[in-house]
Amino acid sequence: MIIMKEDGEQVKIGSNEIWAVAIMGIAVFLLVSAITFNPANFPLAEYYKGQSRTADRNYVGIVGTYASGTLILLFGLGTYILVGILGTLGWHKFKEKKIKRAHIIGFMILLVVSCTFLDNIRAMWYILFMGWGGITGGFLNDLVSAYLGKVGSFIVLGILLLVSILLVTEVSLKTIMSGRKKAKFPVITAGNIAADQTKLLKPASQTATEKAGKSALKPEEVPVIVGPVEKRKKPVQARFEFMDELYEPPPVNLLVEPKASIGVAEEALHESARILEETLNNFGVIAKVTQISKGPVITRFELQPAPGVKVSSITNLSNDLALSLAVPSVRLEAPVPGKAVVGIEIPNKNPEIVLIRSVLEHETYGQAKSPLIFCLGKNVEGTPLVADLEDMPHLLVAGATGSGKSVFIYSLITSFLYRNGPADLRFVMIDPKMVELSAFEGIPHLILPVIKDSREAGSAMKWVVNEMETRYDSFLHKGVHSLKDYNQTKPRLPYLVVIIDELADLMIVAPLEVEDRLCRLAQMGRAVGIHLVLATQRPSVDIITGLIKANFPSRISFAVSSLVDSRTILDISGAEKLLGKGDMLFSQTGSVKPQRIQGVYVSRQEVNKIVGYLKDKYGTPELTVREVFEEAKEEMAEDDDDDLLFNEAIKVVIRHKQASTSLLQRRLKIGYNRAARIIDAMQEKGIIGPQDGTKPRDMLVDESYLDKLK
């Protein structure tokens with residue numbers, strides 16, 4: 001319900017508050033009427049020992065007289081128990097606590113058993129002949145006493161009364177006997193979790209520390225549960241101001257529609273919080289859970305240590321916490337950025353799949369202004385997240401087989417296709433694995449066919465370098481320094497995104513050549529609208545070199561097999577404890593710590609639908625640079641003088657004073673064919689002599705020739 005105030009401000013009142021006020025109002029009404037009830041005012045008073053009716057003096061009038069008289073007639077003194085039950089239900093509604101079916105059943109049993117027990121001790125109240133338990137208690141007490149006798153019925157009714165109280169309050173009898181309250185619902189304790197036997201064995205200094213921790217950690221506080229707010233609106237196909245007017249993006253109904261998430265029961269979260277606190281206490285660590293964040297795949301418990309507790313004493317117990325919670329692994333973040341707490345991330349028993357459509361239709365994606373926005377996934381609080389490749393400006397992705405790299409590449413390309421037409425964005429896709437990026441073969445956004453041969457990848461990258469240099473010449477002619485400024489006038493240039501799905505295959509074929517061109521593009525490509533996305537399943541130092549890492553500050557790591565791989569890609573540990581299937585750590589430029597995200601999922605069937613739509617709508621792309629690309633291939637194959645390693649090879653043979661194919665293979669880490677072509681080119685240039693049987697080639701130049709190469 002929304003109420004409009006005089007100043008125009010809207011005040012929202014929830015239905016729980018309305019029910020709470022109504023129920024507690026009824027409870028107060030019945031309490032006042034019962035306290036001021038006079039049997040002589042009740043219409044049935046003449047049937048009670050000859051009493052005649054007198055003037056009504058009930059504080060709440062004739063309605064209160066009838067209500068209290070009827071309830072006292074039925075339940076006797078149990079009327080006050082009924083009033084207490086109504087007050088408790090109203091308070092639970094007001095605090096928005098879940099009222100379970102077990103609570104309702106427990107309250108009903110408590111009322112009936114209380115009336116029967118009251119009548120069992122048989123004491124007349126005023127002039128009502130029915131006794132303390134009313135008609136209900138009198139009938140049931142007579143029935144039970146007929147079979148069990150007075151003493152037996154008293155014992156049985158006392159036991160039933162105790163059971164009903166335990167059922168309603170959810171307090172363990174065992175913890176009552178030991179002087180502790182079980183912290184299951186709704187309070188989570190932290191200050192009183194030390195056992196009495198442990199206290200007797202601890203020195204005075206440690207006991208003082210625990211007392212300080214208990215005073216700082218109030219056991220009455222309940223951890224705040226934070227989760228995604230489901231606001232499912234009618235989806236609207238987003239259209240962006242920077243999008244080409246002639247481009248019609250694929251409809252969102254080609255993607256699978258997300259379903260409502262099941263979530264995790266609050267009782268289970270509170271129970272996990274209690275186990276965490278008790279496990280830490282068993283190792284002498286006093287702490288309490290202050291907030292619980294529910295995500296699609298993991299739940300983060302924010303733990304506040306007591307004063308004097310070292311963070312390392314918590315992080316060293318990750319395996320013990322995983323054992324206590326019966327989960328495969330537990331990841332600790334100490335401390336959580338921006339908070340004075342330790343984050344403990346625990347896998348959910350029923351993980352949720354984050355479909356790409358749920359992020360594409362979210363306002364976070366729709367209201368973003370950059371053309372290179374792509375869907376990332378959801379964080380530990382279930383909030384949809386996007387990222388901007390233009391700000392990164394390049395991205396390095398790593399992870400073991402099956403961890404979600406290829407699906408991430410699919411989602412990145414899909415996100416771009418929903419925002420940009422072929423006039424706004426073009427792709428260069430290099431897929432040495434030959435099975436992943438081939439799904440996008442034929443879309444109008446491709447400026448080159450999907451490169452499947454690792455040997456052709458060098459030609460494609462050389463073409464991209466030439467394109468970068470050409471764009472810089474155009475920028476210099478126009479006097480601009482960015483692509484946005486250049487596109488203010490015509491002709492316009494599209495963004496160029498180079499995607500390499502497996503970097504390791506390229507680094508094996510030509511490591512120095514690939515590394516040199518990648519670093520050159522990474523250093524100079526941003527200003528002219530060229531961005532790189534590299535993916536590899538081998539995050540080793542020979543693949544992700546220090547030079548590549550320096551030029552790719554934005555990185556994503558999916559699950560890896562070892563701590564060494566995690567440090568290679570992210571410079572910190574943690575990726576080895578990820579769950580796989582899209583679970584990632586995202587380290588963005590300028591971020592202090594990587595952020596844990598559950599990546600979006602887009603299936604191969606959805607990709608095929610999108611590609612089919614674009615092919616039917618726009619036909620086969622016109623690969624206008626295909627001829628230039630072929631010329632680059634021929635140039636690399638025939639004119640090795642332009643090879644980036646040619647000068648380096650000359651230095652090697654002069655310093656070793658011999659020239660052979662095997663020498664170049666060992667020193668430059670290249671293949672036989674390429675080394676042989678370089679040797680032939682050296683002979684044509686007059687640097688070395690012809691081959692003379694098994695003898696080494698003669699050197700025709702000396703070290704002074706090196707000055708000409710500078």
| query | Within the range 414-428, whose backbone N sits under 20 Å from a point 7 Å along Cα→Cβ of Thr470? | reply | 422-428
| When all C-alpha to C-alpha distances in the range 291-346 are sorted into bins of 10 Å, what percent of pairs does each bin hold, rounded to whole numbers? | 24, 56, 19, 1
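What ranking of Trp463, Trp91 emerges when the number of other C-beta atoms within 10 Å of each C-beta is taken as an exposure proxy, fewest first?
Working: Trp463 20, Trp91 14.
Ordered by Cβ neighbours within 10 Å, fewest first: Trp91, Trp463.
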| note | Exposure-ranked with fewest Cβ neighbours within 10 Å first, Phe552, Phe475, Phe139 stand as Phe139, Phe475, Phe552
| Relative contact order, percent, the range 355-498 [alpha-carbon distance under 8 Å, six or more residues apart] | 18 percent
| request: Can you check what the Kirkwood hydrodynamic radius comes to for the range 257-416, Cα pairs only, in Å to one decimal? | output: 17.7 Å
| task | Could I have the simple spin-label model distance between Trp91 and Leu706, label points 7 Å from Cα toward Cβ, reported in nm to one decimal? | result | 8.8 nm
| note | Where a ≥ b ≥ c are root eigenvalues of the Cα gyration tensor, a/c under 1.5 meaning rounded, otherwise prolate if a/b exceeds b/c and oblate otherwise, the range 252-317 counts as prolate
| request: At 7 Å along the Cα-to-beta-carbon direction for both Ala265 and Ser482, put a label point, then send me their distance in nm to one decimal. | output: 5.4 nm
| Given N residues in the range 639-709, what is Rg(Cα) / (2.2 N^0.38 Å)? | 0.99
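Output the Kirkwood hydrodynamic radius of the range 476-541, Cα pairs only, in Å rounded to one decimal. Each step should come with its number before you reach the end.
Working: mean 1/r = 0.0731 Å⁻¹.
Every distinct Cα pair counted, the radius reaches 13.7 Å.
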| note | XL table Lys310/Lys339; Lys433/Lys669; Lys369/Lys593; Cα-Cα > 19 Å flagged, in table order, is Lys433/Lys669; Lys369/Lys593
| field | Residue order, fewest to most surrounding Cβ atoms within 10 angstrom, among Asp119, Asp388, Asp542 | value | Asp542, Asp388, Asp119
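What percent does the relative contact order of the range 356-627 come to when contacts are Cα pairs within less than 8 Å and at least six residues apart? Don't jump to the answer; show the numbers that get you there.
Numbers: 499 pairs, mean separation 73.7, N = 272.
After rounding, I find 27 percent.
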| said: Need the C-alpha centroid separation for the range 690-705 versus the range 562-610, integer Å. | reply: 52 Å
| said: Taking just the alpha carbons, could you work out the radius of gyration and Dmax for the range 356-627, both in angstroms? | reply: 17.7, 52
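Percent of alpha carbon pairs in the range 355-511 separated by more than 26 Å?
Working: 3975 of 12246 pairs.
Of all Cα-Cα pairs in the range 355-511, 32 percent lie more than 26 Å apart.
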| said: Assuming 0.36 nm per residue, please report the length gained on full extension of the stretch Ile105 to Leu323 beyond their Cα-Cα distance. | reply: 74.9 nm
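The numbers here are math on the coordinates, done by the rules we state, and not lab data. These figures come from a predicted structure and were not determined experimentally. Virtual Cβ from ideal backbone geometry, glycine too; neighbours counted across all protein chains shown.
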